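Below is one structure, written out as structure tokens; the observations come after it.
The values are calculated or read from the model by the stated rules, or taken from the named source; none is laboratory data. In this text the structure is predicted, and so the values were computed from the model without any measurement. Cβ placement follows ideal geometry from the backbone for every residue including glycine, while neighbour counts extend to all protein chains displayed. Keep in mind that these areas ignore ligands, DNA and RNA; they rest on the heavy atoms of the full protein, side chains included. Shrake-Rupley method; radii C 1.70, N 1.55, O 1.52, S 1.80 Å.
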Amino acid sequence: MRKFPNAMAIMLGFVLFVSVLTYIIPQGKYERIQDPALDYETVVPGSFTLTEGKQLSVFQIFISIPEGIISAAELITLILLLGGCFYVIEKTGALKEGVVYMTVLLKGKEEISMIIVSLLFATGGALNGLQEEIIAMTPVLIYFGRRLGYNAYVAISISFGAAILGGAFSPVNPFSVGIALKTAGLPFPSASTFRMLVFFFAFILWVYLIIKYANKNRIEKEGEQETDHPSISIRNLLILGLTGAAFGLMIYGILWLEWGFNEMSAEFFVLGIIVGLIGKLGFNETCEVYIKGFKELTFAVIIVGLANSITIILEKGMITDTIIYGLFTPMQYFPKSLAAVSMMVSQSILHFPVSSYSGQALMTIPILSPLSDLIGLSRQVVVLAYQYGAVMMDVLIPTNGALMAILAVAGISYNNWFKFIIKPLLILFGLCAIALIVAVYVGVK
């Protein structure tokens, strides 16, 4: 039996696939204008035209690979510095001691621990679109899961999966619903009660499905023979406290200080140095541990860069707008409920080539908003369809660099992850379809 391709092979396969599409799909584009109210460039509805541009050469396609890595430089820096920081924390012994302490306290309460962890990550996803930051935490999360008797699939589901769910159903995520509402000409936040209600049901359904799987697929608990009366030293308690405070500061910085990746990178770089000194590693050894962390995450950041190159090829080949036009134009002839669900499905499909859900909002909402006006569909429903369709797909699409990097760190092949995640994802999409139909009939605005 042939071995399933690894993450890098899959990424390169998608690069080849979209490159071929640039020779098959007609080139086209929408006109775009700079919207002063948004500080973004948005699409002009009804302006799509077919164009005759120059086809990409094979060499231009190969150039898109380093260009994709370069364009993700700030994100790659964050992953490396955050990952290096976590390697330093791990080297001090604080993480292991903290995890052991927590898992002993939670002995016999494993399901409660899954709910608590899922809620924490779902909150992070809802507030600031937490994703890439989880890459560096993956080894710790997997160790935590094994201490409780759960495999790596469960650990990723209650962390990365919960964060994606939070981002998809959030009433306040600035990178998804925030941009989409403003682009649709709606106040931010709006329809928050409806969003929170659906978020509540989605979270319960997600946790139920993961707990059900986890209980059916228990593994032997790692380190079960260790003492039932663990303790944490003052030094390690200080290290863990500083780490928690750093994440609190990061959320505050993103929401109120307009922090980007560089500010977060600087914060965790400083944290790693301070933690190394507190943990008595010394300055030189702290730097050496940082270097080891960089080495371990090199493959993960290359995957993130390759995902970016796919978007670059689509843009250079001038077929992204053609795909959007083909997916959404027929919906003007659909009944309102069917149109709403079809928008969600189309947003899901579009998210394969357009891996940035912020960029997807700017590409599609200006087109769908006037289209929804024509068929009598609320613009709020258009935004909901975008949220549910685009953002939730981040747990599945191989063009999401964060997902592929996390799977690479966890040692999980994409085909096995697909088999695991597809069922709960489809069930969740069923809930989303019901929510959209309800939103149409109750007139959510």
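Just list whichever of 216/292; 96/280; 295/419 have alpha carbons separated by over 25 Å in the model shown. Don't skip to the answer; put the middle values down first.
Details: 216/292 36 Å; 96/280 16 Å; 295/419 30 Å.
Violating the 25 Å limit, Cα to Cα: 216/292; 295/419.
So how long is each side of segment 255-343 along the principal axes, counting just the alpha-carbon atoms, biggest first, in Å?
68, 32, 20
Quote the FRET efficiency, to the nearest 0.05, computed for residue 291 versus residue 172 with a Förster distance R0 of 30 Å and r equal to the Cβ-Cβ distance.
Working: r = 38 Å, r/R0 = 1.28.
Efficiency, from the Cβ-Cβ distance: 0.20.
Taking 0.36 nm per intervening residue step and subtracting the Cα-Cα distance, what contour gain separates residue 70 from residue 188 on full extension? Working shown, then result.
Details: separation 118, 0.36 × 118 = 42.48 nm, distance 3.29 nm.
My answer for the length gained is 39.2 nm.
Sorted by mean Cβ packing within 10 Å, highest first, what order do the peptides 398-409, 158-169 take?
Values: 398-409: 25.2, 158-169: 28.3.
Sorting 398-409, 158-169 by mean packing, highest first, produces 158-169, 398-409.
Can you give the log10 of the normalised intensity I(q)/I(0) at q = 0.12 Å⁻¹, computed with Debye over equal Cα scatterers of segment 302-445?
-0.52
So what does the Cα-only Debye profile of segment 84-212 read at q = 0.11, 0.16, 0.18 Å⁻¹, as log10 I(q)/I(0), no solvent term?
-0.44, -0.81, -0.95
Apply the Karplus parameterisation 6.51 cos²θ - 1.76 cosθ + 1.60, with θ equal to phi minus 60°, to every residue of segment 170-186 and state each ³J(HN,Hα) to the nearest whole Hz, in sequence, with x for glycine and proline.
5, x, 10, 4, x, 8, 10, 5, x, 5, 5, 5, 5, 5, 7, x, 10
Where a Cα-Cα gap under 13 Å defines reach, which aspartates and glutamates qualify for residue 221, not counting those fewer than 8 residues away within the same chain?
Hits, sequence-local ones excluded: 110.
How many percent of the accessible area of segment 223-308 is carbon or sulfur, using a 1.4 Å probe?
Numbers: 3040 of 4740 Å².
Its accessible area is 64 percent carbon and sulfur atoms.
Would you mind checking the tilt of helix 134-148 against the longest principal axis of the Cα atoms of the chain, expressed as 0 to 90 degrees and rounded to 10?
Around 50 degrees separate the two axes.
Just from its helices, what would the mean residue ellipticity at 222 nm be for the chain, if runs of 4 or more DSSP H residues each count -39500 (n - 2.57) and the sum is divided by every residue, rounded to the nearest 500 deg cm²/dmol? Intermediate results must be reported in sequence, preceding the final value.
Values: 19 runs with 307 residues, N = 445.
Roughly -23000 deg cm²/dmol at 222 nm, from the helical runs in the chain.
State, in angstrom, two size descriptors of the chain derived from its alpha carbons: Rg to one decimal place and Dmax to the nearest whole number.
When restricted to the Cα atoms of the chain, Rg and Dmax are 22.4, 72 Å.
What accessible area per residue, rounded to a whole number of Å², is obtained for the chain using a probe radius of 1.4 Å?
Counting only protein heavy atoms, the per-residue value for the chain is 44 Å².
Quick one: which residues, 5+ away or cross-chain, put their amide H under 5 Å from the amide H of residue 32? H built at 1.01 Å from N.
The answer is 44.
For residue 149, enumerate residues with amide H under 5 Å from its amide H, sequence gap 5+ or separate chain, H modeled in the peptide plane.
It is 222, by chain and number.
Per-residue HN-Hα couplings for segment 376-393, Karplus 6.51 cos²θ - 1.76 cosθ + 1.60 at θ = phi - 60°, whole Hz, x for Gly and Pro?
For segment 376-393, the Karplus curve yields x, 9, 4, 5, 5, 5, 4, 5, 4, 4, 5, 4, 5, x, 7, 5, 5, 5 Hz.
Residues with amide H under 5 Å of residue 130's amide H, sequence separation 5 or more or different chain, H placed in the peptide plane at 1.01 Å from N; which?
Distant-sequence amide H within range of residue 130: 125.
To the nearest 20 debye, what is the magnitude of the charge dipole of segment 93-148 about its Cα centre, counting +1 on the Cβ of each Lys and Arg and -1 on the Cβ of each Asp and Glu? Kindly include the intermediate steps, with their values, before the conclusion.
Values: 5 positive and 5 negative charges, 53 e Å.
For this selection, approximately 260 debye.
What lysines could a cross-link reach from residue 182, if we take a straight Cα to Cα line under 28 Å and drop same-chain neighbours fewer than 8 places away?
29, 316, 336, 445
Using the Karplus equation 6.51 cos²θ - 1.76 cosθ + 1.60 (θ = phi - 60°), what ³J(HN,Hα) coupling, rounded to whole Hz, does each residue of segment 313-328 give in order, writing x for Gly and Pro?
4, 4, 5, 5, x, 6, 10, 4, 5, 5, 4, 4, 4, x, 6, 9
With every protein chain left in place, what is the accessible area of residue 344 in Å² (1.4 Å probe, nearest 10)?
Per-residue accessible area (residue 344): approximately 10 Å².
Give the carbon-plus-sulfur fraction of the accessible surface of segment 97-203 in %, rounded to a whole number; probe 1.4 Å, heavy atoms of protein chains only.
Of all accessible area on segment 97-203, carbon and sulfur atoms account for 73 percent.
In degrees from 0 to 90, rounded to the nearest 10, what is the angle of the helix 7-24 Cα long axis to the longest principal axis of the chain?
10 degrees
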